[in-house]
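The values are calculated or read from the model by the stated rules, or taken from the named source; none is laboratory data. Being a predicted model, the structure only gives us computed values, none of them experimental. No Cβ is skipped: glycine too gets one built from the backbone with ideal geometry, and neighbour counts run over all protein chains shown.
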Ligand code: SF4
Ligand SMILES: [Zn+2]
């Protein structure tokens, strides 16, 4: 078990505070988040690492681990940026909201955040990994979750901890809800998506391009679900077509087994279509096909 410097504590108001943000010595009026013991701030020296020490002299491993856990949560809450599972990889996203120690009925999560109307869970590993029972509950909540492992590292400053938090090598995907969403969305698209006929190797009335597009464009477009030689299923107007209870699933878009936020999908579609279109025009195949309207 790794013993850490105590870099974070609770001030007189019970607020989580960093060693360099409090007065030196006993004047810091801080207590240990684990044992509640009084702390002394040692933050004056230039050579020694700034840290808290228990007035009693008893700096236990347990107290140091709780302090690290507290600091890590505070850093992520301040940064408002979390790692999330995205198409099987770790991606970092700004959050719209973030809460520490969120009680969710049957579990408490270290951090609970929202990005573009989708919830995410972030767990910090200092002493205990998320066990099977908690993982099952996370899956029942259908919320993607990651675990950041800080257990066997030593840190001398907040910056050290921050670097480790945002290092993908320290992050494990606990549960990725994308797989469920992909199959759910495909099911919805197949039932409710616009069925458009393929004619002359393409779609005559693409609602996105407001023009004829070759069928290969649909294959790449984020709105496309399924194609065969005769029809495609286009999901562009899905949010309008769906019943309110199904509309949540349109907060994400799916293409070729990729999940995207609407903002990512917009970028993806525009860059992809733009490139393809330039190629097509360059080769003189469909010079008349210009997008007349964007999102
Ligand atoms: S799937 Fe995309 S490219 Fe195909 S018709 Fe729909 S919007 Fe147009
Ligand atoms: Zn303590």
Going by the conditions given, is residue 15 at pLDDT below 95, more than 10 Å from ligand 2 (Cβ to nearest atom) and more than 18 Å from residue 151 (Cβ to Cβ)?
no
Could you list all residues from the range 46-79 that are out of contact with any strand residue (DSSP E or B) (no Cβ under 6 Å at 6 or more places or on another chain) and closer than 16 Å to residue 148 by Cα?
65, 66, 68, 75, 79
Out of all the residues in the range 197-218, which are out of contact with any helix residue (DSSP H, G or I) (no Cβ under 8 Å at 6 or more places or on another chain), outside any helix (DSSP H, G or I) and either within 30 Å of residue 140 (Cα to Cα) or free of Cβ contacts under 8 Å to residues at least 40 places away in the same chain (or both)?
197, 199, 200, 204, 205, 207
If I go through the range 127-165 residue by residue, how many of them are closer than 22 Å to residue 64 by Cβ and under 14 Å from the mean Cα position of the chain (by Cα)?
3
Within the set of pairs 6 or more residues apart or between chains, which connect a residue that is on the phi > 0 side of the Ramachandran plot inside the range 23-44 to a residue that is surrounded by fewer than 12 Cβ atoms within 10 Å (Cβ to Cβ) with Cβ atoms less than 6 Å apart?
29/12
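Each row is one residue, and each column tells you yes or no for (1) loosely packed, with under 15 Cβ neighbours inside 10 Å; (2) in contact with a helix residue (DSSP H, G or I) (Cβ under 6 Å, 6 or more places away or on another chain); (3) at pLDDT 95 or above.
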{"position": "132", "(1), (2), (3)": "yes, no, yes"}
{"position": "142", "(1), (2), (3)": "yes, no, no"}
{"position": "148", "(1), (2), (3)": "no, yes, yes"}
{"position": "152", "(1), (2), (3)": "yes, no, no"}
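Here's the yes/no breakdown for (1) assigned by TED's automatic domain parsing to the domain that holds residue 161; (2) surrounded by 14 or more Cβ atoms within 10 Å (Cβ to Cβ); (3) farther than 17 Å from residue 78 by Cα; (4) touching a helix residue (DSSP H, G or I) at 6+ places or on another chain (Cβ under 8 Å):
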| position | (1), (2), (3), (4) |
| --- | --- |
| 16 | yes, yes, no, yes |
| 22 | yes, yes, yes, yes |
| 25 | yes, no, yes, no |
| 28 | yes, yes, yes, no |
| 33 | yes, yes, yes, yes |
| 36 | yes, no, yes, no |
| 41 | yes, yes, yes, yes |
| 45 | yes, no, yes, no |
| 50 | yes, yes, yes, yes |
Considering the range 161-179 alone, what residues qualify as being modelled with pLDDT of 95 or more and touching a strand residue (DSSP E or B) at 6+ places or on another chain (Cβ under 7 Å)?
165, 166, 168, 170, 171, 172, 173, 174, 175
Tell me the residue from 195, 158 that is at pLDDT 85 or above, touching a strand residue (DSSP E or B) at 6+ places or on another chain (Cβ under 9 Å) and crowded, with 18+ Cβ neighbours inside 10 Å, please.
158
